[in-house]
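Novice: Structure in structure tokens, see below.
The values are calculated or read from the model by the stated rules, or taken from the named source; none is laboratory data. All values derive from a computational prediction rather than experimental measurement. Methodologically, a virtual Cβ is constructed for each residue, glycine included, from the backbone with ideal geometry; neighbour enumeration extends over all protein chains shown. Protein only, heavy atoms only, side chains kept; ligands, DNA and RNA dropped before computing areas. Shrake-Rupley method; radii C 1.70, N 1.55, O 1.52, S 1.80 Å.
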Amino acid sequence: MFYLHMAVRSLKRCGQRSLLCMLICLVTVLFLHLYAGNVRDLEQMREHLPDAIKVAGKICNLDGSMDQGLKIEEALVTELLASESVAEPAVTVQLLADLDASGSKRRGSIPPFEARGVNCLAGAGGLKPEDVTLTEGNTLDFLASGERKCLVDRALLEQKGYQTGDRILLDLYYYRYGDYHEVFCEPLEQCEYEIAGVMDAGSGAGYPELILPIQAVQDSYRRARYPFLADSFFFTVKNPLKLNAFKEEMQKLGLLPVSGAAEMHYEGNALVVQDETFIKAAERIEESLTLLRGFLPLIFCIAAGAGYLTAHLFIQDRRPEYALLRSIGIGKMKSCLVFFTEYLLLAVAGSGLGTLCAWPVMSENHSFSLVVMWMSVGFCVLGMLAALVSMSKHSVMQILSQKD
């Protein structure tokens, strides 16, 4: 209590000097907040960059000319869906279909309707959720299941006289690829599906008339004992900050980079990752972070120098008081503690005011702001300790005889 009482009395007696010391501490902490805030903002920008810039990927043929109408092996599709590096996968398989309530298959003619097996609505050619009207109790999650439910274009529904909730008999046909780039349409299976919803795709939109869950289509392939081949595979990279690890994983799965010298074929065995925009943005952020971090030693030197200079000027004006305390029998340690306590109060008050000034800007990082404040106080304390050690090395007579 003695040191605190003496410090408070000195603060009241030397008001202008105390305000000056507080102002220097305030400016120092604002300076540190400015620097640390910029570093923190860049780190958060880098952290949230994957959300701001999606890195899209897709499977295509080796020469890169096709990303739909491919032959993508079922094993590759399964491995991609199971990969923890792949997010928002959209898998499709192109089919043809005919609605025949009598159950008789048409052979020798091209089925009139386009059907598509998908695992999510994103695979339906850009169809939006608001374009789909579902029956009560159904959600679009059924597309990721093996349920025999389907979405039907409204025009087709009205043409055939069906209603939502009805069960329809579908003659499904699949595409078989020949050895010389031929594509054949072959019967797959005749099966019954429930109409779970209606699509309002609009005229000439180019959407399929029927959308089926891809797992249900896979089951049809298995029952017919035909190898399942996906038509397209689009996705986003889950963690673009680990692009190199992702590409290494894709190479282990057998995916190759696109080659312009390759011949045209239907095999989907090449990977295209649209990462140019993300990489450029990440590089700019990393360059800015490297530049700011390069100034860190200089920032510390400036803050430490400000702390020492303020403490030195503070002690220079208090040398007669220090000599007086020593002359009346108070030891070095106790005499220094009086000035240390006074300066510590000023440093905490000035740094606290500076932190309050920066508080609105750091509204989401209060704990980080407090760390910066105590860092500023620490520089001031170190400066004061250095000044006190320097002064305590001199005798009372030497201190009194010094003119400045």
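Novice: Can you give the convex hull volume of the alpha carbon atoms of the stretch 276-323 per residue, in Å³?
Specialist: Considering the Cα atoms of the stretch 276-323, their hull volume per residue is 52 Å³.
Novice: Continuing with the same structure: When the chain is fully extended, how far beyond the present Cα-Cα distance does T133 get from D219, taking 0.36 nm per residue of separation?
Specialist: Computed gain between T133 and D219 is 28.4 nm.
Novice: Here's another thing I want to ask about it. E73: accessible area at probe 1.4 Å, nearest 10 Å²?
Specialist: My reading of the accessible area for E73 is about 110 Å².
Novice: Could you order I59, I24 by accessible surface area, starting with the largest, using a probe radius of 1.4 Å?
Specialist: Highest to lowest solvent-accessible surface, that is I24, I59.
Novice: Ok, one more. Sorted by accessible area (1.4 Å probe), largest first, how do K252, K149, K247, K332 line up?
Specialist: K252, K332, K247, K149
Novice: Grab the Cα-Cα distance for E287 and W359, subtract it from 0.36 nm times how many residues apart they are, and report the gain in nm with one decimal.
Specialist: Once the chain is fully extended between E287 and W359, it gains 23.2 nm.
Novice: Under the rule a/c < 1.5 gives rounded, and otherwise a/b versus b/c splits prolate from oblate, where does the stretch 166-228 land using the Cα gyration tensor?
Specialist: oblate
Novice: How much accessible surface area, in Å² rounded to 10, belongs to the heavy atoms of H48 with a 1.4 Å probe?
Specialist: Taking all protein chains as shown, H48 has close to 100 Å².
Novice: Working with all protein chains in place, sort M66, M250, M264 by solvent-accessible area computed with a 1.4 Å probe, largest first.
Specialist: M264, M66, M250
Novice: At a probe size of 1.4 Å, how large is the accessible area of E84, to the nearest 10 Å²?
Specialist: 150 Å²
Novice: Next question, about the same structure. 7 Å from Cα along Cα→Cβ at both L298 and R154: what's the point-to-point distance in nm?
Specialist: Between L298 and R154, the simple spin-label model gives 6.5 nm.
Novice: Let me see the pair-distance distribution of the stretch 17-84: every alpha carbon pair, 5 Å bin width, integer percents in order.
Specialist: 3, 12, 10, 11, 10, 8, 7, 6, 6, 6, 5, 5, 4, 3, 3, 1, 0
Novice: Run the numbers for I279 and A386: contour at 0.36 nm per residue of separation, minus the present Cα-Cα distance, in nm.
Specialist: Answer, rounded to one decimal: 33.8 nm.
Novice: Going through the cross-link list K58/K128; K54/K252; K128/K252; K71/K280; K71/K128; K149/K247, which pairs have a Cα-Cα distance over 29 Å in this structure?
Specialist: The pairs that break the limit, which is 29 Å between Cα atoms, are K128/K252; K71/K280; K149/K247.
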